[in-house]
Amino acid sequence: MLTLHEVTAGYGDTTVLRDVNLTVGDGEVVALLGPNGAGKTTLLRAATGFLRPRSGRVSLDGKDMTAEPAHRYARRGVCHLPEGRGIFPSLTVRENIAIQARGRDVEKSAAEVVDLFPALGTRLRQAAGSLSGGEQQMLALSRAYITSPRLVVVDEASLGLSPRVTDTIYELLARLAERGVSLVVVEQYVQRALALARTVYILNHGAVIHVGRANDITADDIYEKYLGIG
Ligand code: ATP
């Protein structure tokens, strides 16, 4: 569904990604791993219309999207969940859901969100910024649920969250995958990413240095060979 062909991208004079190739099939779950500063966030942005590549091509279902803005990607079913939540802190939870719902029935959308994350049920009238970090992340991820996207791109969904909340977040991602939604997940916890994904891409210095099946590699291997930590 999503293809990046020889994508080079960066900011101002800085080139971050160099000739990156990446393919995400229908219903495929891709983990995108790599050390800090490798260019993972930049890759997600280039893949969803938030950063226009300098060269190369991005396509969705074979259609060239390289020069298209992010809202055109959204219209084609792409949902980008940025690091740092992407919610409106001064608006209430319900108002955030109304914005996420993009014209869908707000009551129905709110009911779906509460069904998914009961913790948000008593907080609909509360400012989103006053929620705990975990609840804010749940609210942010609700967007990927109520808009019925075909591809969800998630940047560090578990950042700063407790293991319990992270479990909840990953259950939602697994549920989306079961529904046949394609996912690209950037995650620091390699084990979690491997448990969810079918395919692993490892990025370093803006280049893809490994592509393989998640089943064929262990988290230890990834740390030792590619992340230089183990
Ligand atoms: P992390 O895991 O630390 O979030 P990452 O792999 O997601 O890292 P990016 O955030 O894509 O990496 O950053 C890659 C490089 O691009 C870094 O050197 C970063 O400093 C630089 N960079 C990121 N955003 C900008 C920006 N808006 N302007 C200039 N340089 C940027």
Quote the accessible area belonging to Asp19 in square angstrom, nearest 10, computed with a 1.4 Å probe and with ligands, DNA and RNA left uncounted.
-> 90 Å²
The correct pair for segment 86-145, radius of gyration to one decimal and Dmax as a whole number, both in Å and from Cα atoms, is 9.8, 27
Net charge (Lys, Arg +1; Asp, Glu -1) of residues whose beta-carbon lies under 13 Å from that of Ala207, Ala207 excluded, is 0
By a straight-distance test (C-alpha under 25 Å), which lysines pair with Lys225 as possible cross-link partners, with residues fewer than eight away in the same chain excluded?
-> Lys40
Could you work out, for segment 133-202, what percent of all Cα-Cα pairs fall into each 10 Å distance bin, beginning at 0 Å and stopping at the bin that holds the largest distance?
-> 20, 59, 21, 0
Taking K and R as +1 and D and E as -1, what net charge do the other residues with C-beta under 15 Å from the C-beta of Ala174 add up to?
-> -1
Table column - 3J(HN,Hα) (Hz), segment 47-60, Karplus curve with 6.51, -1.76, 1.60, x for Gly and Pro = 8, 10, x, 7, 9, 7, x, 6, 8, x, 9, 10, 9, 10
Leaving out ligands, DNA and RNA, what percent of the accessible area of segment 86-145 is carbon and sulfur, probe 1.4 Å?
-> 53 percent
³J(HN,Hα) across segment 124-141 via Karplus (A = 6.51, B = -1.76, C = 1.60, θ = phi - 60°), whole Hz, x for Gly/Pro?
-> 4, 8, 8, 4, 4, x, 8, 6, 5, x, x, 5, 4, 5, 4, 4, 4, 6
Once the other residues with Cβ under 12 Å from the Cβ of Tyr11 are scored (Lys, Arg +1; Asp, Glu -1), what is the net sum?
-> +2
Cα shape, the chain, gyration tensor, a/c 1.5 rule | prolate
Amide H contacts under 5 Å for Val152, restricted to residues at least 5 apart in sequence or on another chain and with H modeled in the peptide plane, are Cys79, Ser182, Leu183, Val184
Which Rg and Dmax, in Å, describe the Cα atoms of segment 1-111?
-> 15.8, 47
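The values are calculated or read from the model by the stated rules, or taken from the named source; none is laboratory data. Values in this document were obtained by computation on a predicted structure and should not be read as measured data. Every residue, glycine among them, receives a Cβ derived from its backbone with ideal geometry; neighbour counts consider all protein chains shown. The protein model used for the area step is the full one, side chains on, heavy atoms only, and it has no ligands, DNA or RNA in it. Shrake-Rupley method; radii C 1.70, N 1.55, O 1.52, S 1.80 Å.
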